[in-house]
Amino acid sequence: MAAETASPNGVITRATTSYSSPSNQSAPVSSLPKDTQLQVQCVVEGQTPPGSSNFYWVRVNDANGSSFVHRDAITVAPGLRHC
């Protein structure tokens, strides 16, 4: 898959969990420590978690497959496409 061979283009800025859908009420997929580099696919609207005013989630790939990380916990390149 191209996503597995492409260079990482997202970095976790604080320890977080990725989820099966863009909500922290969905099934957890991966525990991601700060500074983890990930391949980013796209951005999508989802749940606004407590303590945040942001409803964007980023779809990422890691060893456990595709999942979603809240935008507050990851840096991404400008111009990320919508899912």
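The values are calculated or read from the model by the stated rules, or taken from the named source; none is laboratory data. As the structure is a computational prediction, the values presented were derived from the model and not from experiment. Every residue, glycine among them, receives a Cβ derived from its backbone with ideal geometry; neighbour counts consider all protein chains shown. Calculation scope for accessible area: heavy atoms of the full protein, side chains included, ligands and nucleic acids excluded. Shrake-Rupley method; radii C 1.70, N 1.55, O 1.52, S 1.80 Å.
Restricting region 63-81 to residues that are within 13 Å of Tyr19 (Cα to Cα) and surrounded by fewer than 18 Cβ atoms within 10 Å (Cβ to Cβ), which is modelled with the highest pLDDT? My answer is Ser66.
What residue, among those in region 2-17 that are in a loop (DSSP other than H, G, I, E, B) and at pLDDT 95 or above, is farthest from Asp72 (Cα to Cα)?
Ala15
Has region 19-34 got at least one residue that is within 9 Å of the chain's Cα centre (by Cα) and part of a strand (DSSP E or B)? The answer is yes, given that some residue of region 19-34 is within 9 Å of the chain's Cα centre (by Cα) and part of a strand (DSSP E or B). Among (1) at pLDDT below 95; (2) more than 16 Å from Ile74 (Cα to Cα), there is one condition Ser20 misses while meeting the rest; what is its number? The failed condition is (1).
Looking only at region 45-58, filter to residues that are in a strand (DSSP E or B) and farther than 15 Å from Ala27 by Cβ; which one of those is least open to solvent (accessible area, probe 1.4 Å)? Break it down stepwise before answering.
At the first step, the residues of region 45-58 found to be in a strand (DSSP E or B) are 45, 56-58.
Still in the list and also farther than 15 Å from Ala27 by Cβ: 45, 56, 58.
Working: Glu45: 83, Tyr56: 88, Val58: 0 Å².
Looking at the filtered set, the residue picked out is Val58.
When you check Ala63 against the structure, is it in contact (Cβ under 8 Å) with a residue 24 or more places away in the chain, farther than 17 Å from Thr75 by Cα and aliphatic (A, V, I, L, M), yes or no?
In short, yes.
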